[in-house]
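Undergrad: Quick one: structure below, then a few questions.
The values are calculated or read from the model by the stated rules, or taken from the named source; none is laboratory data. Quick caveat, the model's predicted, so the values are computed rather than measured. Heads up, the Cβs are rebuilt from the backbone with ideal geometry, glycines too, and the neighbour counts pull from every protein chain shown. Just so you know, the surface numbers come from the protein's heavy atoms only, side chains and all, with ligands and any DNA or RNA stripped out. Shrake-Rupley method; radii C 1.70, N 1.55, O 1.52, S 1.80 Å.
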Amino acid sequence: MTPLLILVVCSVMVATSFLSGIFGMAGGMILVGVLLAIMPVPEAMALHGITQIASNGWRAALWWRHVQWRVVAVFVVGSGLALAVWSIWLFVPSKPMALLFLGVTPFLARLVPEGRRLTPEKKTHCVAMGATCMSLLLMTGVAGPLLDQFFLGGSLERRQIIATKGICQIVGHGIKLLYFSALIDQVGTVDPLVAVLAVAAAMTGTLLSKKVLEAMSDTQYRRWAGHLITAISGYYVLQGSYLMVTS
């Protein structure tokens with residue numbers, strides 16, 4: 001990447017990490033869309049994984065006391081099961097497919113009747129969500145929208161959601177990074193300098209978001225989170241559909 005492009009990408013990373021630091025979501029969706037627009041899928045997924053591990057790691061560190069470790073442990077089991085299956089297939093999606101699935105997933109999650117939606121209070125639900133989110137991470141680079149619906153449907157308060165989801169995302173993006181940088185045939189590589197700058201940008205955006213999150217109420221958090229996911233998902237559905245038709 002040219003110096004100008006690196007500057008633009010790092011600026012986007014700061015902004016999206018700031019957004020994710022407030023809502024625990026949305027930022028990763030925007031970032032992966034930007035990276036897919038300028039890079040091949042394996043490289044975009046690898047760099048996105050590095051950024052998201054840093055962003056979620058710093059977010060989890062800020063709210064460490066609120067992590068619900070029971071949820072994380074069972075979620076990891078589901079993620080491991082999904083990786084075992086995908087390691088046999090080693091599938092790499094096209095850009096249009098990745099964008100389309102990225103946008104459609106949150107809408108599909110909302111179609112599930114309230115009484116049958118997965119919640120973090122049940123262990124079997126956490127396993128199923130871990131497997132589903134891991135599969136989405138390998139297909140689209142992001143599982144945040146579905147994971148958001150999962151946590152928002154439970155009884156956890158906003159800091160517990162941010163912290164617990166952060167740890168779950170570290171696991172998911174770590175596995176995604178391994179998949180795209182080591183397991184598939186056309187592995188994605190990331191310039192070490194870009195990787196370091198990406199980590200710094202992600203940590204900066206996350207740190208700046210802390211006071212904003214503290215000032216919000218749970219009601220404001222849930223309302224704005226829902227609006228953000230709807231808007232971003234709708235955009236990706238349109239973009240992915242357009243690329244499918246024109247490619």
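Undergrad: Name the one entry in GLU114, GLU121 that is at pLDDT 85 or above and of a type in the set (Asp, Glu).
TA: After applying the criteria, what remains is GLU121.
Undergrad: Can you spot a residue in segment 176-189 that is in contact with a Leu (Cβ under 9 Å, 6 or more places away or on another chain) and without any contact (Cβ under 8 Å) to a residue 60 or more places away in the chain?
TA: Yes, segment 176-189 contains at least one residue that is in contact with a Leu (Cβ under 9 Å, 6 or more places away or on another chain) and without any contact (Cβ under 8 Å) to a residue 60 or more places away in the chain.
Undergrad: Residue by residue through segment 107-125, note down the ones that are open to solvent by less than 10 Å² (accessible area, probe 1.4 Å) and among the hydroxyl-bearing types (Ser, Thr, Tyr).
TA: none
Undergrad: Moving to a separate point now. Check segment 99-106 and report whether any residue there is open to solvent by 30 Å² or more (accessible area, probe 1.4 Å), under 30 Å from VAL194 (Cα atoms) and assigned to a helix (DSSP H, G or I). Steps first, answer last, please.
TA: In the first step, residues of segment 99-106 are kept if they are open to solvent by 30 Å² or more (accessible area, probe 1.4 Å); the result is 100-101, 104.
If we keep only those that are under 30 Å from VAL194 (Cα atoms) as well, we get 100-101.
Narrowing further to those that are assigned to a helix (DSSP H, G or I): 100-101.
Yes, segment 99-106 has at least one match.
Undergrad: Also: Within the bounds of segment 72-85, is there any residue that is at pLDDT below 80, more than 15 Å from GLN169 (Cα to Cα) and part of a helix (DSSP H, G or I)?
TA: The answer is no, given that none of the residues of segment 72-85 is at pLDDT below 80, more than 15 Å from GLN169 (Cα to Cα) and part of a helix (DSSP H, G or I).
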